[in-house]
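Structure first, commentary second.
Values quoted throughout were computed directly from the atomic coordinates according to the rules given, and no laboratory measurement underlies them. Note that this is a predicted model, so its numbers are computed, not measured. Note that we place each Cβ from the backbone using ideal geometry, even for glycine, and neighbour counts take in every protein chain shown.
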Amino acid sequence: MWGQQPRWTAEAANQWYASEPWLVGSNYLPAYAANELEMWQAETFDAKRIDLELGWAEGLGMDTMRVFLHDLLWKQDSEGFKKRMDVFLGICAKHHIKPLFVLFDSCWDPFPKLGKQPAPRPGIHNSRWVQSPGAAALQDPSQYPRLEEYVTGVVGAFAKDDRVLGWDIWNEPDNPNGSSYGKLEPKNKVDLVLALLTKAFAWARSAEPQQPLTSGIWHEDPHAPDTLSPMAKEQLSLSDILSFHNYDSPAIFEDEVKWLQTFQRPIVCTEYMARPKGSTFQAILPLAKEAKVAMINWGFVAGKSQTYLPWDSWQRPYVDRKPTVWFHDIFHEDGTPYKPDEVAFIKKITGR
């Protein structure tokens, strides 16, 4: 039965947040994986490598990671998937990290397939990332019971687990992927996702998690709150704690935080840090710490995701040149910092 547990009150959300430290982390994908399927499938899941990389995160003073799941992993092998999640949570706990798990995602390739994942496309940012659910499932209501089983199954398995920070129900739900797969997307994708977003929140609540639910807004104008998209209104009204993405300058970041503070709920920035755009650790983290906004940057290790390359690599692949500056990511694959001064700064501001 849906909706047994109501949305948290602002008071309950703030009480929960008061018990947490100032949360800092990264969106996490191991260097060996080009997407979330490759991270988690039994054939490629590499606990030893994850342990190594999360040790680097602990060394920075990071205490959370945002980690993407996928509905096909549940369909493929629900018991095995839960066991691997448990192993992952054990590694996280060893390094004093509480992950925020993402259930669905509207970004990049709308045609996910299980099994061996294709090699990364040369010179392209996030060239093999896949959506969940894919376009076929999104357009087929007969698959919605399967999606419900995935949400209630995953959330239910870890609903009372203190190692889990929270549940991010849907990443960028109204992203049209205009710069990549836009022409291949369902014409009514946003309407389909909007209807399913509401269901997904209800499915997650029916599992009665002790952790908060959220879904981050990503393209709204804080100076024009009357122009909020229908999706953003739904995200803000359903979330226990508010989350947002901001890859802009410090001034724009600060404006968005001030606007979100008017809702009087905890705030988590679940994506930021694009060096060429002025969104850097040194520029943004001090503002966030002052406002006690939890911060999760995009990218940790420069591996098969290739997110050290800029977004425009989809139009002009970096096959014959290197980017002037890394777009995302903190470490080379061997654990060497891309910018030692940046790593020193993160350690200092987290108190590490």
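Find the Cα radius of gyration of the chain, compare it with 2.2 N^0.38 Å by division, and give the number to two decimals. Show your work: numbers first, answer last.
Details: Rg = 18.8 Å, N = 352, 2.2 N^0.38 = 20.4 Å.
Rg over 2.2 N^0.38 Å, computed on Cα atoms: 0.92.
Per residue, the convex hull spanned by the Cα atoms of the stretch 298-352 amounts to 92 cubic angstrom. Amide H to amide H, with H built 1.01 Å from N, T44 comes under 5 Å of no residue 5 or more places away or on another chain. When peptides 124-133, 47-56, 72-81, 222-231 are ranked by their average number of other Cβ atoms within 10 Å per residue, the highest-first order is 124-133, 72-81, 47-56, 222-231.
Using only alpha-carbon positions, what ratio does the radius of gyration of the stretch 120-200 give when scaled by 2.2 N^0.38 Å?
Details: Rg = 14.9 Å, N = 81, 2.2 N^0.38 = 11.7 Å.
Computed over Cα atoms of the stretch 120-200, the ratio equals 1.27.
Just to be sure I understand the model, the point goes 7 Å from the Cα along the line to the Cβ. What's the resulting K339 to W259 distance in nm? For the pair K339/W259, the computed spacing is 2.6 nm. Over the chain, Cα pairs under 8 Å with separation of 6+ residues give a relative contact order of 22 percent.
Give me Rg/Rg_expected for the stretch 1-154, where Rg uses Cα atoms only and Rg_expected = 2.2 N^0.38 Å with N residues. Don't jump to the answer; show the numbers that get you there.
On the way: Rg = 16.8 Å, N = 154, 2.2 N^0.38 = 14.9 Å.
Cα-based Rg divided by the globular estimate yields 1.13.
About the centre of its Cα atoms, the stretch 103-169 shows a dipole size close to 360 debye [charges on the beta carbon of Lys, Arg (+1) and Asp, Glu (-1) only; nearest 20 debye].
Sequence-ordered 3J(HN,Hα) estimates for the stretch 263-268 from the Karplus curve with 6.51, -1.76 and 1.60 and θ = phi - 60° stand at 7, 6, 10, x, 10, 10 Hz, glycine and proline given as x. If both residues of a DSSP beta bridge must be in the stretch 10-350, then about 10% of such bridges are antiparallel.
Taking each full run of DSSP H in the chain as one helix, which ones are at least 24 Å long along their axis (Cα atoms) and have mean Kyte-Doolittle hydropathy of at least 0.0? Before the final figure, lay out the partial values.
Working: long enough: 71-94 (29 Å, -0.34); 189-206 (25 Å, 0.86).
Span-like helices in the chain: 189-206.
Ranking F300, I284, T270 by how far each Cα lies toward the positive end of the dipole of the stretch 220-352 (charges on Cβ) leaves F300 at the top.
Taking the Cα centre of the stretch 101-231 as reference, the dipole from Cβ charges on Lys and Arg (+1) and Asp and Glu (-1) amounts to some 600 debye. Sorting F201, F88, F158 from the fewest to the most surrounding beta carbons within 10 angstrom yields F158, F88, F201. For V102, the residues 5 or more places off, or on other chains, whose built amide H falls under 5 Å of its own are V67, F68, L69, D168. Which residue, L69, L37, L184, tops the fluctuation ranking in a GNM of the chain built on C-alpha contacts under 10 Å? In this elastic network of the chain, the residue with the biggest mean-square fluctuation among L69, L37, L184 is L184.
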